[in-house]
Amino acid sequence: MVDISWSLRRGELPSETTSFIGRAREIEDVRTLFESARMVTLLGPGGVGKTRIAVRAAASLAGSFRDGVRMVELAGVKDGELLPHAVGSAFGLPEVAGRSPLDAVVEFLREEQSLLILDTCEHLVDSCALLAEILLTSCPGLRLLLTSRQTLDVPAEHTLAVAPLERDDSVRLFTERAVAVRPGFALTAENEAQVTALCRRLDGIPLALELAAVRLRALPLDQVLRRLEDRFRALGGGRGSHPRHQTLRTAIDWSHDLCTPEERTLWARLSVFAGGFDLSGAEQVCADEDLDAYDIVDHLIGLVDKSLVIRDESEDDDRYRMLDTIREYGFERLAESGDGERVVRRHRDHYLRLAREGGLAWFGPEQAAWTDRFDREVDNFRAAMEWSLSTPGEEEGGVALCGLLLGLWVGRGRVVEGIRWGDRAVVTGAGEPAERGLLGFQRALCRALTGDRQRAVEIFTEAAELSAEGGDQRGRLLSLTHLSGTYQHLDRPDDARRVEEQCEPMLHALKDSYLLGMHYRNQGARQFLLGDPRAAELLMLRAVDTLPLGEVWLTSVNRLYLTLVRLVSGDLGGALEEGRRALRGMTRIQDFVAVSNLLSILSWVAAAQERFADTATLCGAAEDIRRGIAPLMMGDPALAALDQQSRAAAQQALGDAEFDRRYADGEHMGLPSAVALALGEPPVAGPEDALTPTLDALTRREREVAALIHQGLSNRQIAERLVVSKRTADAHVEHILAKLGVASRGEIAALVRAESGNSGAENGSSRTATRT
C-alpha cells in the first residue's frame, strides 16, 4: 500500500517526551481567555515553558474546534515573507500558480473552525502581527494562540505572562529530571534545602532546571549548588539584561564550562546550522586541524548527553538540533572566537556540494529520496543562500545554490519561493555562464508553473544561451525542452516544433534519458492537442519507457496524461491502471495539487465504468483537498466540462440525496482514505485502530536488550553485560523505541513484562495439563 502518512504529520501537535509539571493555572487562564478572545499570546523569556503550555492548552481545547488544531514552529523561518509559506505548509497547502501563499491560507481557513498555534514569534513580530490581523479579519471561525518574547500589539491580542515555576513545581521538576539522569536520586529531608536553594537561584526557569539536573551525572548535589553560586557572583549585575535572562545565561554559561574544550568548539560551530543537521554535515562543516572529523561523533554524543543537542531519529538517518537559546549562545561564542565567517562559509560550501550532488541526481532514480532530503534541509539552504547573497564577494555561491534546488522548488511545490530566491540571485550578476544558465532554467520553470508562461519563454531562451556559452550542453537542453513544452501551452505549435527539431540531434547525441523522456512527452502532448490520441499514447508510453526507472515527477505527469488519453479513447481499464500508477507516484513526491487532480480524473474513470458511488465520493474528496488552493487542472475549460459531465451522470444514477451524501463522505474522509479508495485498497485505519506494539518487530539482539531494560539496567550496564560499546547500546535502545513506537524505557519494560506474563500463563497451562 502506498505510504500517505506524510499528509497527517504536517502541523500536528508534537508528542511530549517528558513529564509535564504544574501550569494548571496558566492552562486554565488560556481556556478562560478563549471564551471571549480570538487571539492569545503567551509572553515570557526563552526557556520559561511557553511552548509546552501552548501545546497542553491547545490539546485541552481541541474538542472545541470542529476542524482541529494546527501548530507552526517559526524558529527556522528567518524572513517574514516566508511566514505564509510556513503556515500553508502546516495545513498541507501547496503553492499554486496565480495565487499567493497568503491568499491560499486565507481562502483555506475562511470557513474553518480551528485553532492555530504560531510558536516563537519574537523575531517576526511585524510579520506575525500583520498575518494575525488578516487572518482574524478574514476567517471568523479561527482562533490564534501565539508564543513570543514580546507582544505583537494588535487590537485583538490578549496577553498572558508566563512566569517561572512556583517553588514546589520547580523542586518537583528538578527532582524528576534528576532521577532520569541519575537513577537512585531522591528528594530527602537531608537534601531538600539544597534542592530548594538551587531552584530558587535558577528562578524556577524550566530550561535552567533541566540543564542543572544533567550536571548530577558528574557532580554531587552540593557541588552543583556551590558551582552555581560561584557563577552567580561572577555574573552579578553589570549585564543590563532582564534578570531572568541573566539566570538562563548563568545555566548555559555553566553548562559551557562543564564541556570539554572540543565540545565547546563544536557547540559554537554547530550554531551555524538552521533547522537541524546530520552527522555528515557536522563533520564536514565543523572539522579542521583543531577538531578531527573522526572525533566529531564523540564530541557530539557529549553534547547530546549534556542536553545541549537534541537527537531526532527519522526513518532514514539521525538528525540533531539545538534549542534556539542554546544555538544563539553558541553563535555568540563563535563570533567571539573570530572564526565565524570561516565556519559560515564552510556551511555554505557544504550545502552547495549537497545541492550539486542532489541537483543532478534529482532527475534520476533517487528523485523521491532527494526531494525528501532537500525538504529536510530547507532551513539550511535558506541560511546558506541568505549569507551568500548578502555578503559581498560571496554572491556566486548563492547563484549556484539557487539554480541547483529544482528538487525543492518544483519537487515540493515551493515555486513561489523559488522565484523569489531566483530573482534575488539574478540581480547580483554573479556566477559563471553555466551557473547563470541553470539559475535561469529554475526561474523559468517556476514561472511557467505559476502561469507566467510568456515571461518563462523569455527566460528559458536566455538560459539556453547562457548554458551554451558556458559549455553546459545538458543545461541548455533542459531549458530548450521545457521551452518547447511552454510554447505548446501558449498554443504556438510551430515554435514548439521548431525547438524540438533544434533539440533532437543534440538529445540523441547526449543520450540523457530524462531529457529524451521530456522530448517524447512534448511530442505526445502536442499530438493530443492536435486530436490524435493514438499517436499521443504511443509517444507518452515511449516517454515513460525512456525516463529513468525510479524517476517520479515527470513519469507521473506522463501517466496523468496517459490516463486522459485512454479515457477519451474508451480504454477504461487502461485509464484506471495509469491513473492509479500516477497517483502512487505523486503521493510519493507529495505533490498535493497533482493528487487532487488525479482524484478528480479517477472519479471520471469511475463514472465511465458506472461506479457512481465512487465518483461522488472521489469528487467530494478532491474538492475538499483543492478548495481554496487551486482550480481543477489549472482551470482547463475542457477538463472542467468533463468533470461536470461525470458529476451529472453520477447524480442522475444515484439521485440527488444519495449523491450529496456520498459527496459529503468524500469531503470528510481525509486524504489517506481518499487515496486508498482511488487505489482500490482497504480503508486506512484511524488512530483508534492502530495495533498495540509487540516485540515481534525486534531482532534477537534487540529483544535481549529489551529484556535487560526490563531488569532495570542502564545503557552503560547493558553495554558491559553484552560486551559492546555504550554507543552501540544507545543505538539498540533508540532502534527499539522507534520500532515499537514508544517514547520511554518504561514502556519497553512494560511490553516485556506483558509478554513475559502471557508466555508464563501459556507455559503454566501446559505444565498443569501435563501434570494432570
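Working from the Cα coordinates of region 301-379, the gyration tensor eigenvalues give, after taking √(5λ), semi-axes of 28, 18, 9 Å in decreasing order. In this label model, Asp545 and Asp222 are separated by 8.4 nm, measuring between points 7 Å along each Cα→Cβ vector.
Per residue, what accessible area does region 526-650 have, given a 1.4 Å probe and all protein chains present, in Å²? Please report the intermediate quantities before stating the final value.
Working: 4510 Å² over 125 residues.
Spelled out: the 1.4 Å probe surface of region 526-650, per residue, equals 36 Å².
By the beta carbon rule, with partners counted only under 4.7 Å, the chain holds these lone Cys residues: Cys139, Cys199, Cys259, Cys286, Cys402, Cys446, Cys503, Cys619.
Net charge dipole, the chain: roughly 1320 debye, given to the nearest 20, about the Cα centre with Cβ charges of +1 for Lys and Arg and -1 for Asp and Glu. Counting every C-alpha pair in region 409-464, the share spaced more than 15 angstrom apart comes to 41%. Note on region 352-453: dipole from Cβ charges, positive end direction compared against Ala400, Leu389, Ala369; the farthest Cα belongs to Ala369. Each residue of region 292-440 gets 138 Å³ once the volume of the Cα convex hull is shared out per residue. Remark: region 369-518 carries a charge dipole of roughly 380 debye about the Cα centre, counting +1 on each Lys and Arg Cβ and -1 on each Asp and Glu Cβ.
Rounded to the nearest 500, the 222 nm mean residue ellipticity of the chain from helices alone is -20500 deg cm²/dmol, with -39,500 (n - 2.57) taken per DSSP H run of at least 4 residues.
In this structure region 10-60 gives 43 Å² per residue of accessible area when probed at 1.4 Å with all protein chains present.
Does region 257-326 classify as rounded, prolate or oblate by the C-alpha gyration tensor (a ≥ b ≥ c root eigenvalues; a/c under 1.5 gives rounded; else a/b over b/c gives prolate, otherwise oblate)? Oblate is the answer for region 257-326, as a/c is 1.5 or above yet b/c matches or exceeds a/b. Counted over the chain, the DSSP beta bridges are approximately 30% antiparallel. Annotated for the chain: lysine pairs at least 8 residues apart or interchain, Cα distance under 23 Å, count 4.
Beta bridges from DSSP with both residues in region 37-196: antiparallel share about 5 percent, rounded to the nearest 5. Within the accessible area of the chain, the carbon and sulfur atoms contribute 49%, probe 1.4 Å, all protein chains present.
Going toward the positive end of the dipole of the chain, with +1 on Lys and Arg Cβ and -1 on Asp and Glu Cβ, which of Met518, Ser89, Ser271 do you reach last? Result: Ser271.
In the set (1) 49, 33, 28; (2) 42, 36, 27; (3) 45, 33, 23, the label that goes with semi-axes √(5λ) of the Cα gyration tensor in Å computed for this structure is (1).
Label-to-label distance for Glu328 and Asp491 is 5.7 nm, based on points extended 7 Å past Cα in the beta-carbon direction.
The modelled label-to-label distance between Glu658 and Thr391, using points 7 Å beyond Cα along the C-beta direction, is 6.7 nm.
Each peptide in 671-678, 356-363 was scored by the mean count of other Cβ atoms within 10 Å over its residues; highest first, the order is 671-678, 356-363.
Between Glu720 and Ala197, the FRET efficiency estimated from the beta carbon spacing at R0 = 56 angstrom works out to 0.95.
The base-10 log of I(q)/I(0) for region 62-181, evaluated at q = 0.23, 0.24 Å⁻¹, reads -1.35, -1.44 [Debye formula, identical scatterers on Cα atoms, solvent excluded]. For the chain, the longest principal axis of the Cα atoms and the long axis of helix 367-376 meet at an angle of about 40 degrees.
Sorted by packing (mean other beta-carbon atoms within 10 Å per residue), highest first, where do 441-452, 180-191 land? Provide the component values of the computation, followed by the final result.
Numbers: 441-452: 24.1, 180-191: 12.2.
The packing order, highest mean first, is 441-452, 180-191.
Relative protection proxy for 662-669, 64-71, from highest mean packing down: 662-669, 64-71 (other beta-carbon atoms within 10 angstrom).
Could you calculate, for region 362-455, the ratio of the Cα radius of gyration to the Kirkwood radius, expressed as Rg to Rh?
Ratio of gyration radius to Kirkwood radius for region 362-455: 0.96.
Rolling a 1.4 Å probe over the heavy atoms of the protein chains gives region 253-357 an accessible area of 43 Å² per residue. A Förster radius of 51 Å combined with the Cβ-Cβ distance from Ala641 to Glu366 puts the calculated FRET efficiency at roughly 0.85. Evaluate E = 1/(1 + (r/R0)^6) for Val125 and Ala163, where r is the Cβ-Cβ distance and R0 equals 22 Å; express this FRET efficiency to the nearest 0.05. The value I calculate is 0.55.
Amide H to amide H distances under 5 Å link Ile117 with Arg70, Met71, Val72, Leu145, where only residues 5 or more positions off or on other chains count and H is placed in the peptide plane.
The values are calculated or read from the model by the stated rules, or taken from the named source; none is laboratory data. Just so we're clear, the structure is a prediction, and the values are computed from it rather than from any experiment. A quick note on method: Cβ atoms are made from the backbone with ideal geometry, for glycine too, and the neighbour counts reach across all protein chains shown. Only protein heavy atoms, including side chains, enter the accessible area calculation; ligands, DNA and RNA are left aside. Shrake-Rupley method; radii C 1.70, N 1.55, O 1.52, S 1.80 Å.
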